[in-house]
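The values are calculated or read from the model by the stated rules, or taken from the named source; none is laboratory data. Keep in mind that this is a model prediction, so the values were computed, not measured. We place every Cβ from the backbone using ideal geometry, glycine too, and count neighbours over all the protein chains shown. Side chains included, ligands, DNA and RNA excluded: accessible areas come from the protein's heavy atoms. Shrake-Rupley method; radii C 1.70, N 1.55, O 1.52, S 1.80 Å.
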Amino acid sequence: MAQFDVHRNPGRLKIAIPYVVVVQSAIFDASRHRVVAPLVSRQEAVALNPRFNPVFVVEGREVVLHPLEMTAIPAERLGEPVASLAAHGDDIIAAVDELLTPAYG
């Protein structure tokens, strides 16, 4: 599984969060876990900020990146990827960077 691969959400909130995207660098592929960010259904998303919450289409569904809910989950729970957002990697990194930057406080 590669950075920016999209997987179906293996957790209990599959309706609101149908997918997760792997955000961790390949340098940590030996880890048993993957850091993922939720891709929330567009209908469930609130207070969208285009830089922090970019919108993507996965399997015909509009989903919104939600970096505030990033988590690590065991790699074996992810299953096969259903899409890749590698073409949007810069947008995803910018959103995560926005979360971590000290520029605001």
Quick one: order Arg34, Arg61 from most to least accessible surface, probe 1.4 Å.
-> Arg61, Arg34
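Less than 12 Å Cβ to Cβ from Pro67, Lys/Arg counted +1 and Asp/Glu -1: what total charge do the surrounding residues give?
Once positives and negatives cancel, what remains is -3.
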Using the Kirkwood radius over Cα pairs of the chain, the Stokes-Einstein translational diffusion coefficient at 37 °C and 0.692 mPa s, in µm²/s and rounded to a whole number, is 239 µm²/s
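Given a cut-off of 15 Å, what percent of all Cα-Cα pairs of the range 1-51 lie beyond it? Walk me through the numbers before you get to the answer.
On the way: 655 of 1275 pairs.
Across the range 1-51, Cα pairs with separations above 15 Å total 51 percent.
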Per the rule of 0.36 nm per residue minus the C-alpha distance, extending Thr101 to Val55 adds in nm 14.5 nm
Give the accessible area for His33 in Å² (nearest 10); use a 1.4 Å probe, count only protein heavy atoms, and leave out ligands, DNA and RNA.
-> 70 Å²
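In the neighborhood of Glu76, defined by Cβ-to-Cβ distances under 13 Å, what is the net charge if each Lys or Arg adds +1 and each Asp or Glu adds -1? Numbers along the way, then the final one.
Numbers: positive: Arg32, Arg34, Arg77; negative: Glu80.
The answer is +2.
State in Å² the accessible area per residue of the chain; use a 1.4 Å probe, count heavy atoms of protein chains only, and round to the nearest integer. Present the calculation step by step, with values, prior to reporting the outcome.
Details: 6260 Å² over 105 residues.
Computed with neighbouring chains in place, this is 60 Å² per residue.
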